[in-house]
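Nothing in this text is a laboratory measurement; each read-out follows from the coordinates by a stated rule. Predicted model only: the values in this text are computed from it and were never measured. For neighbour counting, all protein chains shown are included, and Cβ atoms are generated from backbone atoms with ideal geometry for every residue, glycine included.
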Amino acid sequence: MLTQLPYLAVVLIAGIGIATILLKKNLIKMIMGLGVLTGSANLFLVTLGYRDGGIAPIYTSAPEGVMVLSTVQAMTVTNIVIGFATTALLLAFAIMLYRKYGSVETGDIRRLRE
Amino acid sequence: MSQYVPLLVALPLIAAFAMPLVGMLGKTIRNSLAIIAMAGTVTAALLLVYEVLVNGTIIYAFGAFDPSLAIPFDSGGVPIRILFVIDAMSAFMVLTAAIMMFAVVLYSLSSESEQTGQDGYYALLFLMMVGIFGMVTTGDLFNFFVFLEINSLAGAALAAYRINKGLSVEGGLKYAFISTIAGLFFLFAIGMLYGQYNSLNIAYIASVIDLTGLSLVALVLMITSLAMKAGSVPMHFWTPDTYSSAPSSITAILIVSSMASLYAIFRVAFSLYGVTMNVVTIGWIIIILGILSMFIGVSMALPQKDVKRLMAYHSVSQIGYMLVGLGVGVAVLGDTQMMNEFGLVAMEGGIFHIINYALYKGLLFLIAGAVIYRCGTRNLNELGGLGHSMKWTMGFFIIAALAIAGIPPFNGFASKILIYESVFIFNPYISVIAMVVSIMTLASFVKVFHSMFMGPKLPQYAEVKEVPLPMLIGMGLLAALIILFGLFPDLVVNLLIEPAALAFIDQSGYISSVMGGI
C-alpha cells in the first residue's frame, strides 16, 4: 500500500491541475494549473523509475548492487525544461493580453468570437 | 545508414539559431540564409525520400556508426539508442512537409517583407520545421514528445507573432494551452508504457506489447491527445481561432503540423498496437470522430463571414476524410480478405488526402493571405471585384476551391473517389455523408469566390494590384502540384501512397526493420 502512495498523489495532483485549468477564469491561475499538471507528470515519471536497492550507473568506485538505467530521470529533467519554456511563453502571452485588453479574465478575452 | 537523416533536423536547427545573429548583418544576408537553409533541407528531404523508396526502410541510430549498433550487443536485445526510423509512410510525410516548407518560405519573403521582427519569425519558422520533421521520422516515443513540444511552442509563438491588437495572442494562447495539455497527456501515456515494457522504442514495445488495462489507458490517452492536436471534433474549438488569427503563411505550416499529429495517431494505432488492440472498436471510434468532424466542420463553415475563419472550419471538415479513410483501415486490420477488398484502398485514399489537403488548404490560406495583404480586410461582405486586378490569385483560388470540393481533374477528387468507393463497401452511409459534405464544401466556396472576386471593381480597391512575384511563385508551385496530382493520380498512388499504406499495415516489417533478427 505504501509503495502505491506516490501514484495516488500523482492522480490527486493531476486532478487539481486539470480542475484549476477548467474551472478558473483567471489566465494566471490557469497557467498555474498547467504548472501543477506538469508537476504531476514529473512525479509520475520519477516514481516509475525508482527501483528498491538500485544504484546509479556511475562506474567509478561503484558499490555492489544492481545498476538502474536512468532513462526516466533524464526524461523528467527534459520535461522540467519543457514545462519551464511553456510557462514562460504562456506568461508572456498573458502580459501581452493584459496590455491590450486590460484584463486577464477569460470572460474579457473573447474579441475573436465577435 | 543515410547521411540525410540527421541533416533533416540539423540544418533547420542550425539555421533557426543562426537567424538572429545573421539578422544583425542585414536583411539581404538573412533572407539568403533562409533560402539556403530551406533549399538545403528540402534537398536533403527529397534525397532521403528517394533513398527510402529505392532501398526500403532506413534506420538511423544516433551516436552509432552502423545501424546494426542500434541494439548494443550487451543490452539483451533492447534498443537503447535513440533511433530514427524512416519507412515509406514517414518518407511520404517528409515529402509533404518539405513541399509546404518550400512554398511557405518563398511566400514569407514577400508577405513579411514590410514587417518588423523578421529574425525571430524565421528562427521560429525553422524551429517548427525541426519539430515536424522530427515527429514524422522518429522511432522513439519520448523523442516524439520532445519534437511535439518544440513544434507546439514554436507554433504558438508564431501564431501570436503579429500581435494584431491582441487578437493573434488570443489564438496563440489557445493553441499553446491545447498543445501543452495534449503533450502532457501523451507524456503520461509514455510513462505507462515505459513502466510496463522498460523501453521507449516504438518497435521494441510493439514486439512485446499485450493489451493490459494500463496499455489500454495509454492508447486512449495517446489517441485523445493527438486528435486534440490534429484539431478533430470534439476538440476542434481552437482551430478556427488560431488558424484565423495567425499570419497566413503560418497557418499553412500549422496545417502541416496538424498532419504530423494525424500521422502519429495512425503510427500509434498501426505500428505500436496493431492487432493487439480491439481493432474494430478503435477503428469505429476513429471513424465516428471523422464523420463528426466532417459534418460539424462544414456546417460551421457555411455561415462564416471572415474568410480565414471559414477556411479554418473547412480544415476541421477535411481532417474528417482522413480519419474516415484510415479509420476503416484500422477497423479491418488483421482481416486479410476485407483488407484486400477495400481496406487498403480506403487507407490509400486517406493517406493521399493528407498530401492533397496540405497542398490545397495551404494554397487557400496563402491566397487569403494575399488578399488580406493587398486589401487589408478579411470580411467577405467588404471584399469584392478583385477578379479585375488580381487575376493570378483568382486563378489559383479557382484551382484550390475546385480541388477542396472534389471536382475532377484536381487532386481532391483523386483521393476522395478512393475514399468514397472503398468506404461504400464497408458502410454505404458513411460514403453518402462524405459526398454530402463535399457538396456543402463546394457551396461554401462558391460563396467565397463570388464575394471576393466577382462583381464590379470597388472604388476602395482601385489601387489594388497583383501580389509580388515570390508570393506568386510560392502559390503557383502548390497550384501546379494540385493539377499534377489530379491529372496523374495513378503515378502518385503507385509511387508514394501504396508503399506508405503497406508500411502501415505491415507491423512485423516495422518491428523487424529495427530489431533485426532478434
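From Cα pairs below 8 angstrom and at least 6 apart in sequence, can you work out the relative contact order of the range B:278-487, rounded to a whole percent? 26 percent. Local charge for B:Ser179 was computed over the other residues whose Cβ lies under 9 Å away, with Lys and Arg +1 and Asp and Glu -1, and equals 0.
Geometric descriptor of the range B:278-487, per residue, is 100 Å³ (volume of the convex hull of the Cα atoms). The aspartates and glutamates whose alpha-carbon is closer than 18 Å to the alpha-carbon of B:Lys447, local same-chain residues fewer than 8 away aside, are B:Asp306, B:Glu382. In terms of surrounding Cβ atoms within a 10 Å radius of their Cβ, B:Phe266, B:Phe365 rank from fewest to most as B:Phe266, B:Phe365. Structural descriptor for chain B: relative contact order 16 percent, calculated from alpha carbon pairs under 8 angstrom and at least 6 residues apart. Dipole magnitude for the protein assembly as shown: computed about the Cα centre from +1 point charges on Lys and Arg Cβ and -1 point charges on Asp and Glu Cβ, it is near 2140 debye. Helical runs (DSSP H, four residues minimum) scored at -39500 (n - 2.57) apiece and divided by the length of chain B put the mean residue ellipticity at 222 nm at -24500 deg cm²/dmol. Its residue count N sets the reference 2.2 N^0.38 Å, and the alpha-carbon radius of gyration of chain B equals 0.93 times that reference.
Sorting B:Ile473, B:Ile58, A:Ile18 by the number of Cβ atoms found within 10 Å of their own Cβ, with the fewest placed first, yields B:Ile473, A:Ile18, B:Ile58.
With a cut-off of 19 Å on the backbone N, the residues of the range A:38-69 near the modelled label site 7 Å out from B:Leu214 along Cα-Cβ are A:40-54, A:68-69.
Each Lys or Arg adds one and each Asp or Glu subtracts one; over the other residues with Cβ under 15 Å from the Cβ of A:Val36, this totals +2. The calculated Kirkwood hydrodynamic radius for the protein assembly as shown is 25.0 Å, given to one decimal from all distinct C-alpha pairs. What the Cβ-Cβ distance of B:Ile163 and B:Phe62 gives, at R0 = 56 Å and to the nearest 0.05, is a FRET efficiency of 0.90. With a threshold of 22 Å on the Cα-Cα distance, the over-threshold entries among A:Lys100/B:Lys465; B:Lys165/B:Lys308; A:Lys100/B:Lys229; A:Lys100/B:Lys27; B:Lys27/B:Lys391 are A:Lys100/B:Lys465; A:Lys100/B:Lys229; A:Lys100/B:Lys27; B:Lys27/B:Lys391. Put a dot 7 Å past the Cα of B:Thr28, heading toward its Cβ, do the same for B:Phe237, and the two dots end up 5.1 nm apart. Remark: relative contact order (chain A) = 25 percent; criterion is Cα-Cα distance under 8 angstrom and separation of 6 or more residues. Listing B:Met19, B:Met338 from fewest to most neighbouring C-beta atoms within 10 Å gives B:Met338, B:Met19. Each label was represented as a point 7 Å from its Cα along the Cα-to-Cβ direction; for B:His388 and A:Thr87 these points are 5.8 nm apart.
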